[in-house]
Each structure stands twice: as structure tokens, then as C-alpha cells.
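Reading through the C-alpha cells given below for one structure.
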Amino acid sequence: MTGINYAWSALGGDPSLPARVTTVTRTGTLPAHLPVRQLARACVGVCALAAAELGARRTGVAEVPGVRVDDGAVATAFTSERHLLVDGRAPVQFAPLSRFWRTADGWVRTHANYPHHRARLLGALGLPESASPEEVAARMSELPALDVEDAVYGAGGLAVALRSPGQWAGHEQAAAVAARPLVDRDRVDTGHARVLPPLDAGTAPLLPAAGLRVLDLTRVLAGPVATRTLGLLGADVLRLDAPWLPELPDQHADTGFGKRSAKLGLTTDRAAFEELLGSADVVVTGYRPGALERFGLSPEALAERRPGLVVAQVSAWGAYGPWGGRRGFDSLVQVATGIAVTEGAPDRPGALPAQALDHGTGYLLAAGVLRALTEQSYDGGSRFVRLALARTARWLTQELEPGPETGEPYQGPDAWLAETDSALGRLRYSRPPLSFAGGPADWARPPVPWGSDAPRWAQSPGPKEGAHPARRT
């Protein structure tokens, strides 16, 4: 089974539809020991197919539009944060303390891009906040890797010990991950079918998510990639962040296309949040499992207050197993699951050619939302979609078949880069990799400064549910 067929099956799609996908293969894209190219191609392909399917449903067209997946566009999009320029300036990808460290018996990778994570890392190591990378390296060299992992996690920071594929296979969290499907999909009630307003088949571009409202409660990369994609497809995407949680401006610029950005505290502005939820169609969350539950925002609670909602969740390790409540990022999942060993050298761990777990899972998450909306239009019901970077890693390392190295040579990203003026300055950015007949070629709006919008919807109310039309405002 090809990667596209496997992922489409995991999304519950019609098995005949992958025949609508045409692939332009290019040699030299995303080079790695593992089949990263096949994973990236599959994730983008099924996302575009899910968009085309929903578009056909809303236009009343019998045949789903054809999908085109170009390895060059996919590879450029999977490294979008590296191609971003803001007024000609390239962003810093990782802070000085976000890196591999040699320990007394192995290696550890840390993530300290945010100030609070940096402070927790240094506190766990018994170092002052003024500590230099050299001082951290000296301290790391004195400690066993697992001791560093436990101490930093206990302090609320982010550090993961390097594990081989075999060591990860024997870990309890790996067993929990292996027991789950690539895409967790649930239906939690038996509400009436959602009535989606029809779209004009002759209108260009075809925006399958037009009129839908998406609350974006995500941070960093996988979740924002998913919501950026929904914004491309016409959704009114409103990202909400707590005012006291810092955000990296360049990261926000890369993933902020097609959406608006507001600050809203769930404890201080709860009434405003509930008003937004009352007319939302989709809620996407990317905080670690349990973080939102303390605010009464579990998927079950959200769907109870807003019947017919699609709730999409992404996490690093999955909302299950002994690591279910841990924070995590793509780079750390690569280290834990053996990817860094597979991609490394005998004397040093390595990394994938892109943050492929983040990007791939983000496109799968968007595909899950689109497929849930299509299914709702037939069968109704509130829907949950859950993905985990660690489960995507299992697909990459153990389930995805490598493909032949064929096609035209990849000549670099230039053909898939564009520039635009924005409130952030002149941006060079990677164009979206989704391509289906009649679909959008680019986002309708550039990113805005973080938190600069009012916390309210921009568009008129979205589609009504057949059973509860009065619930729309």
C-alpha cells in the first residue's frame, strides 16, 4: 500500500479516490535514510484530496477534482521556516540552548527556544540563568542522559535522552503509540447531518472551507501548519493565545498566513471565549494533553457545549501512555524514537532534513478536519480527530515503504517561493503545496502581528446544523 493509500485509509476515505492524485516526482528532495519524501508527499496528497472531496460535496459536482502533488512544492513547504525572510532577514531557528549535548553516557537533546523553557532547563541543571552554552555542556558531561531527562522534565522543561530504535521499541510509550491508528477518529453523538451552504462550481478559486469558523488554540508548528492550511481553503481562522505566553515572532510569521491572531486569557476572558465557541465549527488544539482540560475544554466538554463541533487535537507523544502528559517537539520526538540514531553518524546523532513530523502531522490534521466535515454533511455527529508526532514517527520508521528515486532533479526551492508586503514587513515565504483543480494557489491574506486582532469572527455566520439552526448566532 502506498503512503497516500495508507494515510487516506487512516482518514476513513473512499478507497477509490487516491486514483485522483497525480504525483510529480523529483530526485534530491528531502534526502534521508528514512522515506521522508514519501511521508511528505502522502501527507500533502491526502490533505489536498480531502479538500477536493469537500469542495465536490459543496459544489454538488459528482467527480472529485484532480489533485497534483509536486515533490518540489512539498519539499519547499516542509522547510518553510528556513525559507522565510522578513525584510531580507533570515530568522533564527533554534536558540543556543536548543541542541544536542553529550552526557556522561550518551546524548540528550533539549528545547529552550522560549524563555520559560530555558529557565526551567537551567534550574534543573542547578545553573544560573546567565549560564553560557559552555557551562551547560560541562554540566551535561557529568550526568547520565536519563538523569538529565528526568530532572528537566520534573522541572517543567524539555530534554529527551537519545534512544536507538530498539530502545524505543522496548519503551512503554512506544507500545502505547503502536496500539493506536495513525489518525484517531471518533464520533461522539448522533446529531443530524450538517447543512453546508452550497458553493458555486464556477467560482474561482474553489474554497472548500469557505464560511467555516476555526478556533486555533495551537502553538509552534504542527497545529499552526494545520490551521494555516484551513485558512488557505477559505476558513475564518482565529488564533487565540494567552497574553502572558510569549511567542516567537518569526515562527508566527511563517505559520500565520491566512489567519487572524488575538490574545485572550481563558480565565480572565472566559465569556469572550464562550461567545466565540458558540458559533465555531472547528476547534484545533495543540497544547499538551491535559493542559486545556483544567479550563473545562476537553473535547467532550467542547462538543457538549457546541453540538456538531469538530475537535482536532495534536500532541507530541499522544494523549495516552506514561508520556501522555509530557510536553514535546518534533526535534525531541526524533531523538526518543530512534530517528536521530538512524539519521546520524557513528559518533553523533543526526536529524531529518526537515521538521517532517511537525509538517506531516499538520497536513494530516487538516485532512482529518476536512474529512470530518465531509462525513458530517452525510451523517452528522460531533467529531474528534487526534494525531501525535510519535505516531507519525512510527509510520515513518516502521510502516512506510521507501520508493524509488526517480523523476526530474530538484533544482531548489526558488520556483515555489513568493514575496508579499505585510504588516510585519516584506516577506519571502513558501507557497502552499496543496494543489487541486480549481483550488487556491496562495493565501488570501498575509500574517499579521501576533495578537493584533480583536477576539471576534471576521466572516458572517457559518453553516447551520440541520438539527439546531438556532444555535448559530
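Would you check if there is a residue in the stretch 388-406 being in a loop (DSSP other than H, G, I, E, B), free of Cβ contacts under 8 Å to residues at least 40 places away in the same chain, surrounded by fewer than 21 Cβ atoms within 10 Å (Cβ to Cβ) and under 20 Å from the mean Cα position of the chain (by Cα)? No - not one qualifying residue is present in the stretch 388-406. Does any residue of the stretch 158-172 turn out to be open to solvent by 50 Å² or more (accessible area, probe 1.4 Å), in contact with a helix residue (DSSP H, G or I) (Cβ under 7 Å, 6 or more places away or on another chain) and touching a residue at least 40 places away in the same chain (Cβ under 8 Å)? Yes, the stretch 158-172 contains a residue that is open to solvent by 50 Å² or more (accessible area, probe 1.4 Å), in contact with a helix residue (DSSP H, G or I) (Cβ under 7 Å, 6 or more places away or on another chain) and touching a residue at least 40 places away in the same chain (Cβ under 8 Å). For a quick check of your reading of the model, give me the residue pairs whose first member lies in the stretch 268-296 and is modelled with pLDDT under 95, whose second is open to solvent by 30 Å² or more (accessible area, probe 1.4 Å) and among the small types (Gly, Ala, Ser), with beta-carbon atoms closer than 6 Å and at least 6 apart or on different chains. The qualifying pairs are Pro289/Ala319; Pro289/Gly325; Gly290/Gly325. Looking at Thr374, Thr420, just one residue is surrounded by 13 or more Cβ atoms within 10 Å (Cβ to Cβ), at pLDDT 95 or above and more than 20 Å from Cys43 (Cβ to Cβ), and that residue is Thr420.
Let's see how each residue does on (1) modelled with pLDDT of 95 or more; (2) part of a helix (DSSP H, G or I):
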position	(1), (2)
Ala319	no, no
Val333	yes, yes
Leu352	yes, no
Tyr363	yes, yes
Gly368	yes, yes
Tyr378	no, yes
Gly381	no, no
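Pairing each residue of the stretch 120-140 that is assigned to a helix (DSSP H, G or I) with any residue that is of a type in the set (Lys, Arg), provided the two are 6+ apart or on different chains, yields C-beta distances under 7 Å for Met140/Arg102.
Taken together, the residues in the stretch 427-460 that are open to solvent by less than 30 Å² (accessible area, probe 1.4 Å), closer than 26 Å to Ala367 by Cα and touching a Leu at 6+ places or on another chain (Cβ under 9 Å) amount to 9. Taking the numbered list (1) in contact with a helix residue (DSSP H, G or I) (Cβ under 7 Å, 6 or more places away or on another chain); (2) assigned to a helix (DSSP H, G or I); (3) over 26 Å from Leu182 (Cβ atoms) in turn, Pro91 passes all entries but (2).
The values are calculated or read from the model by the stated rules, or taken from the named source; none is laboratory data. Since the structure is predicted, the reported quantities are computational estimates derived from the model, not experimental observations. FYI the Cβ positions are ideal-geometry reconstructions off the backbone, even for glycines, and counts take in every protein chain you see. For the accessible areas, the whole protein counts, side chains as well, though only heavy atoms, and no ligand, DNA or RNA atoms are used. Shrake-Rupley method; radii C 1.70, N 1.55, O 1.52, S 1.80 Å.
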